[in-house]
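The values are calculated or read from the model by the stated rules, or taken from the named source; none is laboratory data. All of these numbers come straight from a predicted model, not from anything done at the bench. Here Cβ is always computed from backbone atoms with ideal geometry, including for glycine, and neighbour counts include all displayed protein chains. We work out accessible area using only protein heavy atoms, side chains counted, and drop any ligands, DNA or RNA first. Shrake-Rupley method; radii C 1.70, N 1.55, O 1.52, S 1.80 Å.
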Amino acid sequence: MIEASVCIKSSYRVNPICLFLAEIIPDVTVPPKPKGFPIATTQSPTLALLESPKLTGLNLSFVLALICCFLVWLLIWRTHLGYRIRATGFSPKASTYAGYQPETIIIITMAISGALAGMMAVNEILGVQHRVILNFTSGYGFTGIAVALMGRNHPLGIIFASLLFGALFQGGAELDFEFQTITREMVVMIQGL
């Protein structure tokens with residue numbers, strides 16, 4: 001069986017390789033100013049997601065996220081594979097006794113969660129920035145873990161927890177911009193509470 005410490009150690013070894021590949025694979029151009037990160041050339045406007053009216057600031061990725069939450073709920077609570085995933089999560093030894101292979105279920109679950117994590121880039125690349133910007137995902141993984149824990153690992157709870165965290169992030173950025181006495185660290189501390 002795969003232990004968590006082995007996965008964490010191997011992910012620390014793979015992260016620099018992935019960061020290096022993310023820097024060299026896209027068509028990266030350096031902006032004319034000496035400061036700033038290298039960014040990819042602007043995408044075709046046909047690849048951009050449909051945007052809603054300017055009042056909301058939402059785009060089609062919000063609907064895509066809701067569809068993904070529904071599909072995850074359908075997978076976890078209404079399919080045989082979902083039952084195997086839940087059984088393996090609760091007790092790998094009991095799922096082995098039931099005839100399941102926990103290693104296979106863990107790999108399938110990691111592939112599904114990786115695909116869902118990759119969907120986050122749909123909003124950033126196709127919905128907001130319309131280009132690849134290096135390190136645009138800094139901190140999103142840890143925020144995702146906090147959202148999942150606050151939503152109690154249920155898709156409906158995750159929807160409400162993500163809306164709360166989104167409001168805290170956006171509200172914190174606005175407060176940091178408007179008031180000099182409120183710093184970004186104070187906003188992060190409020191989110192931690």
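Between residues in the range 104-118 that are part of a helix (DSSP H, G or I) and residues that are open to solvent by less than 40 Å² (accessible area, probe 1.4 Å) and of a type in the set (Ser, Thr, Tyr), which pairs lie under 9 Å by C-beta distance while being six or more apart or on different chains?
Partner pairs satisfying both residue conditions: 105/88; 105/95; 106/88; 109/88.
In the range 91-101, is there at least one residue being polar (S, T, N, Q), in a helix (DSSP H, G or I) and in contact (Cβ under 8 Å) with a residue 24 or more places away in the chain?
Within the range 91-101, the first condition is being polar (S, T, N, Q), and the residues that meet it are 91, 95-96, 101.
With the extra rule that they be in a helix (DSSP H, G or I), the set shrinks to 95-96.
Retained after the next criterion (residues that are in contact (Cβ under 8 Å) with a residue 24 or more places away in the chain): none.
Looking for residues that are polar (S, T, N, Q), in a helix (DSSP H, G or I) and in contact (Cβ under 8 Å) with a residue 24 or more places away in the chain, one finds none in the range 91-101, hence no.
Would you check if residue 76 is touching a Gly at 6+ places or on another chain (Cβ under 6 Å) and within 20 Å of residue 158 (Cα to Cα)?
yes
Could you tell me whether any residue of the range 128-141 is of a type in the set (Val, Ile, Thr), within 21 Å of residue 15 (Cβ to Cβ) and touching a strand residue (DSSP E or B) at 6+ places or on another chain (Cβ under 9 Å)? Steps first, answer last, please.
Step one: list which residues in the range 128-141 are of a type in the set (Val, Ile, Thr), which gives 128, 132-133, 137.
Adding the requirement that they be within 21 Å of residue 15 (Cβ to Cβ) leaves 132-133, 137.
Cutting the leftovers down to touching a strand residue (DSSP E or B) at 6+ places or on another chain (Cβ under 9 Å) gives us 132-133.
Within the range 128-141 (the criterion being of a type in the set (Val, Ile, Thr), within 21 Å of residue 15 (Cβ to Cβ) and touching a strand residue (DSSP E or B) at 6+ places or on another chain (Cβ under 9 Å)), the answer is yes, since at least one residue qualifies.
Residues 191, 170: which one is open to solvent by less than 70 Å² (accessible area, probe 1.4 Å), farther than 30 Å from residue 88 by Cα and either in contact (Cβ under 8 Å) with a residue 12 or more places away in the chain or assigned to a helix (DSSP H, G or I) (or both)?
Numbers: 170 fails: open to solvent by less than 70 Å² (accessible area, probe 1.4 Å).
Just one listed residue meets the conditions, 191.
Yes/no per residue for (1) among the hydroxyl-bearing types (Ser, Thr, Tyr); (2) open to solvent by less than 80 Å² (accessible area, probe 1.4 Å); (3) at positive phi:
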{"site": "112", "(1), (2), (3)": "no, yes, no"}
{"site": "124", "(1), (2), (3)": "no, yes, no"}
{"site": "130", "(1), (2), (3)": "no, yes, yes"}
{"site": "136", "(1), (2), (3)": "no, yes, no"}
{"site": "148", "(1), (2), (3)": "no, yes, no"}
{"site": "162", "(1), (2), (3)": "yes, yes, no"}
{"site": "174", "(1), (2), (3)": "no, no, no"}
{"site": "182", "(1), (2), (3)": "no, yes, no"}
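How about the range 119-165: which of its residues are closer than 14 Å to residue 68 by Cβ and part of a helix (DSSP H, G or I)?
Of everything in the range 119-165, those that are closer than 14 Å to residue 68 by Cβ and part of a helix (DSSP H, G or I) turn out to be 120, 121, 122, 123, 144, 147, 148, 155, 156, 158, 159, 162.
Can you go through 65, 40 and tell me which one is surrounded by 15 or more Cβ atoms within 10 Å (Cβ to Cβ) and modelled with pLDDT of 90 or more? Even if it seems obvious, please write down each step before you answer.
Details: 40 fails: modelled with pLDDT of 90 or more.
Residue meeting the stated conditions: 65.
In the range 164-186, what residues are over 24 Å from the mean Cα position of the chain (by Cα) and of a type in the set (A, V, I, L, M, F, W, C)?
Of everything in the range 164-186, those that are over 24 Å from the mean Cα position of the chain (by Cα) and of a type in the set (A, V, I, L, M, F, W, C) turn out to be 175, 177, 179, 182.
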